[in-house]
Amino acid sequence: MSFDVSLIIEALPKMLAGIGLTFQLLVLSAILGLMLAIGLMLMRISGKWYLSWPAQVYIYVFRGTPILVQIFIVYYGFPQLEFIREGFLWPIFRDPFGCAIVALTLNTGAYVSEILRGGVLGVDRGVLEAGEALGLSRPQRFIYLTTPIATRLALPAYGNDIISLLKSTALASTITLADMTGIARTIVAQTYAPYEIFISLAIVYMVLTFFIQRMLGRVELFLGRYTRK
Amino acid sequence: MTSSEPLIQMQHVGKHFGDFQALKDINLNVNKGERIVVCGPSGSGKSTMIRCINRLEKHDEGKIIIDGIELTDELKDLNAVRREVGMVFQSFNLFPHMTIIKNLMLAQRLVRKTPKAEAHEVAMRYLERVKIPEQADKYPIQLSGGQQQRVAIARALCMKPEVILFDEPTSALDPEMINEVLDVMVDLAKDGMTMICVTHEMGFARSVADRVIFMDAGEIVEEAEPETFFKHPKNDRTKLFLSQILSH
């Protein structure tokens, strides 16, 4: 078997044309997913069963099913429902990009909410008691004590999820989107050179991961500034 | 309220953790300016008792009245009480993510609504009082245990409380740091601060306490002036306890 370097040189710029879409999928679903996750986490720790139970069921369903299946359900399944076709969200579900964002958001939201919950549970009870003894209200303790401390505690696991999400965006190519993986698959179909193309695609993801890792490392250093003697 | 009324009144206070009775029929009055030392074996309910005073624990029997306000689930009253009652913990419990000065300013800003400049000034004044103004911009982890506990005392003082509760403030400290914290506490006592201290520092009890309270199995077993308490304990459980802690 031969390895055709010129093919890679030719294919790389084409694949990189999809980097914008990959990035849009990553950033949008990370932001929306984080908002969803905060909501779910607050429901989960509210101590009220009628908030906690739905959140737990949600988390179970979305962690218990493959993300590819979730993408297919949103993309192929939802348009079959009349109320979705006639609802105000139809412009989103009609569009494969919208479907990918929805599916990725719903999925990452479930995982991240548990990561955040881990951070919140990791906050020292004594610190919160000190706040209580000083007269800080519950919301004040949550905003000024729990949130900043939990954020630092949750960051390493959260970074893991962001990197995982980057690679999940590749699944968007299965519903016609021309992200980097989508473009790579088209090139493979034209050139019959899966080896060269997919290897170089893999390297592109690794380079992206490298930059995300470095960025997360910086954030971690900043948030952890008070943990160093 | 009249000025002769005690600052803290505990009347027939009881507290259960499940089936375990942590406090039994506690009756205690503390007047303004009084210094009370609470001692007793571990698990005797000392910490639980003082934690009930600022409602970190809820009592389930009897009444607790602080400066004329009865402790109930009423949030407004609770906030009023917590403004009057400062607390210093065994494990310091400074806010780890904030610098020392911010630790001292946070509650002033949020609870007392003190303007920033004034809160800063008050914070610096109390840092000077506990003799570590130069540490203002450090994080808690960069300070020694003794320094952290002094910051915790300053943080409580910034709220200008009527009374400060000390929950074993020197138990987590290395021996060489105990005195610097006790010095600050003695200093406070001299200034007339009302204090309730759970502590095993008997030297401190002897020199500053107006009354020593001995607790065992959730009850106040004995209550006396330090002189009487140490020289002529009445109760057998007190005698046993004193012999155990004073024998070395």
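Please average, across the residues of A:143-149, the number of beta carbons from any other chain that are within 10 Å of each residue's own beta carbon, and give a whole number.
Neighbouring Cβ atoms belonging to other protein chains average 3 per residue here.
For chain B, what is the percent of antiparallel DSSP beta bridges, rounded to the nearest 5?
55
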Charge dipole of chain B about the Cα centre (unit charges at C-beta), most positive-ward option of B:VAL208, B:VAL198, B:ILE69: B:ILE69
Normalised per residue, the volume of the convex hull around the Cα set of the protein assembly as shown (Å³): 222
Interchain or long-range residues, amide H under 5 Å from B:LYS138's placed H: B:ILE100, B:ILE101
Alpha-carbon centroid distance for the pair region A:180-221 / region B:18-45, whole angstrom: 66
Calculated from backbone phi, Karplus (6.51, -1.76, 1.60) coupling profile of region A:53-66 in Hz, x at Gly/Pro: 4, x, 4, 5, 4, 4, 4, 4, 4, 7, 8, x, 10, x
Alpha-carbon centroid distance for the pair region B:186-248 / region A:78-111, whole angstrom: 69
Amide proton proximity set for B:GLU222, modelled H, under 5 Å, gap of 5+: B:PHE214
Listed residues B:THR199, B:THR114, B:THR170, most fluctuating in chain B (Gaussian network, C-alpha, under 10 Å): B:THR114
Solvent-accessible area per residue for region B:34-193 (1.4 angstrom probe, square angstrom): 39
Heavy-atom accessible surface that B and A bury in contact, both chains counted, 1.4 Å, Å² to 100: 2100
Neighbouring partner chain Cβ atoms per residue of A:120-127, average, 10 Å criterion: 3
From the C-alpha gyration tensor of region B:1-124, square roots of 5λ in Å: 29, 19, 14
Residue-averaged [θ]222 nm for chain B, counting only DSSP H segments that reach four residues, each worth -39500 (n - 2.57): -12000 deg cm²/dmol
1.4 Å probe, heavy atoms, protein only - residues of region B:66-82 losing at least 30 Å² accessible area vs chain alone: B:ARG82
Sequence-distant residues sharing a close amide H with B:ASN29 (under 5 Å, placed H): B:MET10
Chain A, accessible surface, carbon-and-sulfur percent (1.4 angstrom probe): 68
Whole-percent carbon and sulfur share, accessible surface of region B:7-67, 1.4 Å: 44
Shielding by partners - mean other protein chain Cβ count within 10 Å, residues of B:89-95: 5
For chain B, diffusion coefficient by Stokes-Einstein and Kirkwood Rh (Cα), 10 °C, 1.306 mPa s, µm²/s: 85
Choice from B:PHE20, B:PHE229, B:PHE214 showing the highest fluctuation, given a GNM over chain B with Cα pairs closer than 10 Å: B:PHE20
Listing of region B:124-148 residues, each with accessible area lower by at least 10 Å² in the full protein assembly than in the chain alone (probe 1.4 Å): B:TYR139, B:ILE141, B:GLN142
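The values are calculated or read from the model by the stated rules, or taken from the named source; none is laboratory data. Keep in mind the model is a prediction, meaning the values are calculated, not measured. FYI the Cβ positions are ideal-geometry reconstructions off the backbone, even for glycines, and counts take in every protein chain you see. Ligands, DNA and RNA are excluded from the accessible area calculation, which covers all protein heavy atoms including side chains. Shrake-Rupley method; radii C 1.70, N 1.55, O 1.52, S 1.80 Å.
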